[in-house]
1. In region 114-146, what residues are closer than 30 Å to Leu247 by Cβ, of a type in the set (A, V, I, L, M, F, W, C) and either modelled with pLDDT under 90 or open to solvent by 80 Å² or more (accessible area, probe 1.4 Å) (or both)?
2. For the condition in contact with a helix residue (DSSP H, G or I) (Cβ under 7 Å, 6 or more places away or on another chain), modelled with pLDDT under 85 and either surrounded by fewer than 15 Cβ atoms within 10 Å (Cβ to Cβ) or within 28 Å of His320 (Cβ to Cβ) (or both), what is the one hit in Val261, Val188?
3. Can you spot a residue in region 147-164 that is touching a Pro at 6+ places or on another chain (Cβ under 7 Å) and open to solvent by 10 Å² or more (accessible area, probe 1.4 Å)?
4. Could you say whether any residue in region 310-321 is without any contact (Cβ under 8 Å) to a residue 24 or more places away in the chain, among the hydrophobic types (A, V, I, L, M, F, W, C) and open to solvent by 70 Å² or more (accessible area, probe 1.4 Å)?
5. Could you tell me which residue of region 167-185 is modelled with the highest pLDDT, considering only residues that are hydrophobic (A, V, I, L, M, F, W, C) and part of a loop (DSSP other than H, G, I, E, B)?
6. Return a yes/no flag: does region 216-228 have any residue that is of a type in the set (Asp, Glu) and part of a strand (DSSP E or B).
7. Which one of these does Val281 not meet: (1) open to solvent by 10 Å² or more (accessible area, probe 1.4 Å); (2) farther than 11 Å from Lys330 by Cα?
8. I'd like the full set of residues that are at positive phi, surrounded by 11 or more Cβ atoms within 10 Å (Cβ to Cβ) and in a loop (DSSP other than H, G, I, E, B), limited to region 233-258.
Amino acid sequence: MKKFLNLLIFFMITITTFSEIKISVDDNSPAVNQNIIFTVEFLNEKKTEYEIEGIEKFKIMSMGSRSNYNTLNNKVKYSKSDIYTLSPYSEGKVSLLVIAKSGTKSNKIELEISKEVKKNQDKEQLFLETTKYTRDYYLGEKIPFVEKVIIKKPIGNYSYVSTPIFNDFSIKNVTPRDGRGFIIPKRVTVDGKEQIELVLFRSILEPLSTGEKTIKTGGISISELTEDDKEEFPVYLGFKEMKINILPLPQEHKPKNFQGVIGKLYGNYKWSENVVDGKKVFVLKLKLYGTVNLDDLKKVSNLDSNKYEVKEEELTYDEHVLDHIYSAEKKYKIVIIPKDQKQEKPPVIIVPYFDPVAKEYKEFKILATSTKNMCDAEFYDINTKENSNKIFSEENNYIMSDEDKEKVETIKLENPKTNEVEKVQEKSTSIFTIIFLIISLLEALYILKLKKDSKK
């Protein structure tokens with residue numbers, strides 16, 4: 001019986017595990033002697049010896065490996081990859097396929113190799129990308145600044161020669177670094193092609209005065225690699241100046257209780273009613289977020305003290321820069337005790353803010369009733385992704401953002417088609433497992449019956 005159970009567990013594990021090898025290239029239409037990146041990725045497959053059909057058509061310029069932890073459908077998946085730099089020998093059609101020693105086969109890739117580089121392929125392979133400002137900003141507004149290098153070809157060495165210089169700004173440095181303080185290389189896929197991004201400097205700026213300001217970008221030295229793996233003379237990128245104009249907030253139509261909140265403001269809220277020491281109490285749970293300087297919002301409610309007793313508790317506050325977009329979030333718990341205990345509904349609370357794109361003052365209203373009925377965990381997380389996408393799309397009207405690139409990378413890890421395949425696989429796995437368990441149970445019952453009969 002013990003052997004039978006062990007066999008049952010073995011088959012269950014075998015059925016519920018899906019092995020896969022994925023291969024990809026950063027350019028399906030390269031030219032002769034043009035370097036391309038070829039990636040062999042092992043998903044739920046132990047990395048073993050493998051053969052690459054079609055590799056004889058290429059010169060292997062270099063080869064490296066990496067390990068990834070990807071999140072897919074709230075599950076952490078581990079994968080290992082081999083990354084090759086290949087150079088085609090001759091023009092024509094070439095197919096690439098990987099076959100592991102275990103017998104697992106990868107997807108098949110078809111390449112069309114041309115004699116010369118096509119015009120639309122002759123793009124810049126190495127450049128420094130800096131946040132671009134195409135509108136005026138306002139005194140008190142939070143301004144993102146990001147400087148990163150995009151690398152689309154093999155390099156030997158790089159050095160951050162100088163950091164940016166900001167005149168008349170307060171600076172909060174939020175540049176990502178590893179445990180040793182080094183820049184973290186990030187491999188992303190854009191338009192089906194892989195590239196390396198190095199975030200050199202990421203910060204949140206706040207102007208100290210109005211007027212035109214000058215920002216001097218940083219500079220980096222990069223040594224490219226030749227075909228025989230020798231370093232060329234370094235290429236210098238950056239060292240430029242950019243202007244940004246800071247305006248005072250308009251005084252016309254300025255709300256009486258305005259606290260200097262500037263940006264696009266969004267929020268979720270939920271009212272509840274309670275009784276404390278025999279008194280009716282309204283409890284407001286609130287999350288405010290957006291491309292807005294929420295640290296200037298010191299008090300949410302401005303209710304009449306003759307009518308209400310108010311206690312505000314700030315639960316969390318966070319701000320960050322995603323590529324070239326600034327955003328912040330605050331969570332509150334606000335207790336309101338009406339002095340008129342006959343009051344049936346909580347009061348309406350208005351948070352005024354200045355929209356720098358529309359160039360006008362607006363209001364975020366917390367109405368007396370909430371149509372949402374949810375637990376606290378759901379409340380604090382709802383609409384975040386939906387409204388974040390809305391924020392980014394609106395912000396892109398006036399500030400450059402590579403959020404679309406991030407979406408491409410996200411799609412690579414959480415491809416809807418892949419999700420559909422996984423759902424089908426999970427569904428199939430569940431059906432097969434149930435059938436297998438039923439069969440196993442019947443077999444176990446049959447064996448027990450035979451044992452009983454033999455005793456008789």
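The values are calculated or read from the model by the stated rules, or taken from the named source; none is laboratory data. Everything quoted here is computed from the prediction, not taken from an experiment. Quick reminder, even Gly has a Cβ in these numbers, built from the backbone with ideal geometry, and neighbours come from all protein chains shown. Protein only, heavy atoms only, side chains kept; ligands, DNA and RNA dropped before computing areas. Shrake-Rupley method; radii C 1.70, N 1.55, O 1.52, S 1.80 Å.
1. Once the filter is applied, which keeps residues that are closer than 30 Å to Leu247 by Cβ, of a type in the set (A, V, I, L, M, F, W, C) and either modelled with pLDDT under 90 or open to solvent by 80 Å² or more (accessible area, probe 1.4 Å) (or both), region 114-146 yields only Leu128.
2. Details: Val261 fails: modelled with pLDDT under 85.
Selected residue: Val188, the only one of Val261, Val188 that is in contact with a helix residue (DSSP H, G or I) (Cβ under 7 Å, 6 or more places away or on another chain), modelled with pLDDT under 85 and either surrounded by fewer than 15 Cβ atoms within 10 Å (Cβ to Cβ) or within 28 Å of His320 (Cβ to Cβ) (or both).
3. Taking region 147-164 as the starting set, the residues that turn out to be touching a Pro at 6+ places or on another chain (Cβ under 7 Å) are 147.
Next, only the ones that are open to solvent by 10 Å² or more (accessible area, probe 1.4 Å) stay: none.
No - not one qualifying residue is present in region 147-164.
4. Yes.
5. We begin by selecting, within region 167-185, every residue hydrophobic (A, V, I, L, M, F, W, C); these are 169, 171, 174, 182-184.
The next check asks that each one be part of a loop (DSSP other than H, G, I, E, B); those that pass are 174, 182, 184.
On the way: Val174: 93, Phe182: 84, Ile184: 85.
Across region 167-185, the extreme among qualifying residues is Val174.
6. Step one: filter region 216-228 for residues of a type in the set (Asp, Glu), giving 224, 227-228.
Subset that is part of a strand (DSSP E or B): 224.
So far as region 216-228 goes, yes, one or more of its residues are of a type in the set (Asp, Glu) and part of a strand (DSSP E or B).
7. (1)
8. Selection gives Phe239 alone.
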